[in-house]
1. Past the 14 angstrom mark, what percentage of all C-alpha to C-alpha distances in region 159-229 do you count?
2. Mind ranking 151-157, 272-278 by how tightly packed they are, going by the mean number of other C-beta atoms within 10 angstrom, highest first?
3. For n ≥ 4 DSSP H runs only, could you compute -39500 (n - 2.57) per run for the chain, divide by its residues and tell me the 222 nm figure to the nearest 500?
4. Name all residues of region 108-127 having a backbone nitrogen under 18 Å from the label point set 7 Å from the Cα of residue 30 along its Cα→Cβ direction, giving them as ranges.
5. In µm²/s, what is D for the chain at 20 °C and 1.002 mPa s, where D = kT/(6 pi eta Rh) by Stokes-Einstein and Rh is the Kirkwood radius from Cα pairs?
6. Contact order normalised by length for region 98-167, with contacts defined as Cα pairs under 8 Å and 6 or more residues apart; what percent is it?
7. Have a look at the DSSP beta bridges in region 84-243 and tell me what percent are antiparallel, nearest 5.
8. Suppose R0 equals 22 Å. What FRET efficiency, 1/(1 + (r/R0)^6) with r the Cβ-Cβ distance, do residue 331 and residue 188 give to the nearest 0.05?
């Protein structure tokens, strides 16, 4: 999610590549370029069925993480690199809206639940999924000392050297966790809290994969630290042979991330792009996203996989900050965090 700045040269190269791709499309073929983050995934059969039903081929264009993708969309807004985009999240959405990246479109499918996460009255963005970032624990590690339940517990000396987090400058969940602490402790209190975490031996790594699969004791890496910043859905992948989850998300530490889709302003295939937005909000895709992208559907009434029902229910409440507040302060907060924790 952390924004990486494109140079003018790289932006020009991006535009040139897009121009070449568009010009090489066979005449008469209906292709919608879907700009996405690198974690986008859907069951291939759904894309094929969509093509059969509509005659439209969806061509995903992976464009980095959510922050990098948003930056590309802003830099190329006058000559868009696609027709529709998915994956701009609630942390970066205000920037994309302020820059006029997305066109107005009110999808009829949005009224099935996505409107709960609406950001702006013109309906330029539609919520596709929800992915709460929460602390996860290795349950077995706390049989004798008791489990932490909230942010403040992690400053207790009995949890010294147990926590691993991701760098908010390089990691989407790392940034979400930082924002969660700011939402919890306020502008005047979050830095003091992080000072206590540092004194209590918090470890910082570059990204989720390293934290979860190498340092966290509750997953495949069997690392030395039993507390990690991950997702509310993560315990669904850690079910033991006896059917009991080996890990648990601490639901009082969750920060809500919502991922959005929208038609790009100036899209060459705008009408077909609207159909793709409808598709992403439709019941079949919404039922697919838990298994393919480990996120919760935005649509109401979509059943979660059985393992999720037991181990990874959607948190009833989660912290959040207004998108415009995050956009205005994100860089300052991250720099302040760097000075405090890594300086």
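What follows draws every value from the coordinates through simple rules; no lab data is involved. Remember, predicted model here, so these are calculated numbers, not experimental data. As a convention, Cβ positions derive from the backbone with ideal geometry for all residues, glycine included, and neighbour counts pool all protein chains shown.
1. Across region 159-229, Cα pairs with separations above 14 Å total 58 percent.
2. 272-278, 151-157
3. Mean residue ellipticity, 222 nm, calculated: -10000 deg cm²/dmol.
4. 108-109
5. 102
6. RCO, region 98-167: 20 percent.
7. 45
8. About 0.70, to the nearest 0.05.
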